[in-house]
Amino acid sequence: MAQKTAEIFDLQGKATGKINLPAVFETPVRPDVIKRAVLAIQSSRIQPQGRDPMAGKKTTAESRGTGSGISRVPRQKGAGRAAFAPFTVKGRQTHPPRAEKVILKEINKKEAKLALTSAIAATAVREFVENRGHRISEVVGIPLVIDNAFETLTKAQEVEDVFTKLGFDEEFTRVKDSRQVRAGKGKHRGRKMKQAVGPLIVVAEGKNLIAAASNLIGVEVTTVANLNTEMLAPGTHPGRLTVWTNGAIEKLSTLYGESA
């Protein structure tokens, strides 16, 4: 089987050569395994929380039994006010959440590695990228590989200009138009706004680029070493629009060369 190749584009959006894609891009895309890995990552961020086992029970309330012409609900001694029972004022909860509940979803190491390599492979399949909702009709190539000079950019405007030349205008318009106030109480809990997920930039080093692209809406930058399945498949859906630098592809070949 012939090895897959991808065109390398410069900062002007013009093809300057080709690069052989590493074997990891030949990995079969497994949405089921990717979903398990993403849920495992998300579950590790959940903070255990529960109720005090004695909440609602610190009372003298006892039922008076039958024969008094009143209900058998527990009542406070001396006051006669109903307490303790779940339906009473300041009573206990019926089935309260317990702090000891196991909420962490675990996944085998080999399965997690398969999920990551599978998610990487999905970024090179146009069908998966389109199904995620990304607007890629004008994007110059999938997978999109750009020259290492991209990692040296230090200003957000410079990064945005490069994206424009690569055909990302329609994608950025989609992300900007999707931004809106969240419905419900979440808006009071540090997550007022919600928006669509934009492109992911994967670099070999690129400390300058990470700072430069931080102000672009929907854009996320990471190094190859820090890649995880959730970045490549937000919401468990594979095929995130991903921009790879030439150096990132070479490093990917070193890390996952035998993964296919």
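Below is a table of values for the structure above.
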read-out	value
Test: residue in the stretch 173-187 that is in contact with a helix residue (DSSP H, G or I) (Cβ under 7 Å, 6 or more places away or on another chain), under 23 Å from T245 (Cα atoms), surrounded by 11 or more Cβ atoms within 10 Å (Cβ to Cβ) and not aromatic (F, W, Y)	no
Selection count, the stretch 8-28, where residues are closer than 19 Å to T117 by Cα and open to solvent by 40 Å² or more (accessible area, probe 1.4 Å)	3
Among the residues listed as K35, K14, the single one being closer than 30 Å to E106 by Cα and basic (K, R)	K35
Residue selected from the stretch 155-172 under the condition farther than 15 Å from E220 by Cα and β-branched (V, I, T), by the criterion surrounded by the most Cβ atoms within 10 Å (Cβ to Cβ)	V162
Test: K110 is out of contact with any Cys (no Cβ under 7 Å at 6 or more places or on another chain) and either hydroxyl-bearing (S, T, Y) or surrounded by 14 or more Cβ atoms within 10 Å (Cβ to Cβ) (or both)	no
Segments classed as strands (runs of 3 or more DSSP E), wholly inside the stretch 194-251, with at least 1 members that are more than 19 Å from Q157 (Cα to Cα) and in contact with a strand residue (DSSP E or B) (Cβ under 7 Å, 6 or more places away or on another chain)	220-223, 242-245
Residues of the stretch 173-218 satisfying the condition of being of a type in the set (D, E) and at pLDDT 95 or above	D177
Subset of the stretch 222-260 (residues that are of a type outside the set (S, T, N, Q) and open to solvent by 30 Å² or more (accessible area, probe 1.4 Å))	A225, E230, M231, G235, H237, E250, K251, L255, Y256, E258, A260
Which listed residue, of V73, V29, V33, V24, is aliphatic (A, V, I, L, M), outside any helix (DSSP H, G or I) and under 22 Å from the mean Cα position of the chain (by Cα)	V29
In the stretch 123-133, the residues that are assigned to a helix (DSSP H, G or I) and under 11 Å from L241 (Cβ atoms)	R126, F128, V129, E130
Residue list for the stretch 116-163, filter: of a type in the set (S, T, Y) and more than 25 Å from the chain's Cα centre (by Cα)	T152, T154
Residues within the stretch 57-104 that are open to solvent by 70 Å² or more (accessible area, probe 1.4 Å), under 30 Å from V38 (Cα atoms) and either free of Cβ contacts under 8 Å to residues at least 40 places away in the same chain or not basic (K, R) (or both), tallied	4
Residue match in the stretch 43-56 (condition: among the aliphatic types (A, V, I, L, M) and open to solvent by 70 Å² or more (accessible area, probe 1.4 Å))	yes
Residues of the stretch 125-154 satisfying the condition of being surrounded by 16 or more Cβ atoms within 10 Å (Cβ to Cβ) and basic (K, R)	R132, R135
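The values are calculated or read from the model by the stated rules, or taken from the named source; none is laboratory data. Since the structure is predicted, the reported quantities are computational estimates derived from the model, not experimental observations. Backbone-built Cβ (ideal geometry, glycine too); neighbour counts: all protein chains shown. Just so you know, the surface numbers come from the protein's heavy atoms only, side chains and all, with ligands and any DNA or RNA stripped out. Shrake-Rupley method; radii C 1.70, N 1.55, O 1.52, S 1.80 Å.
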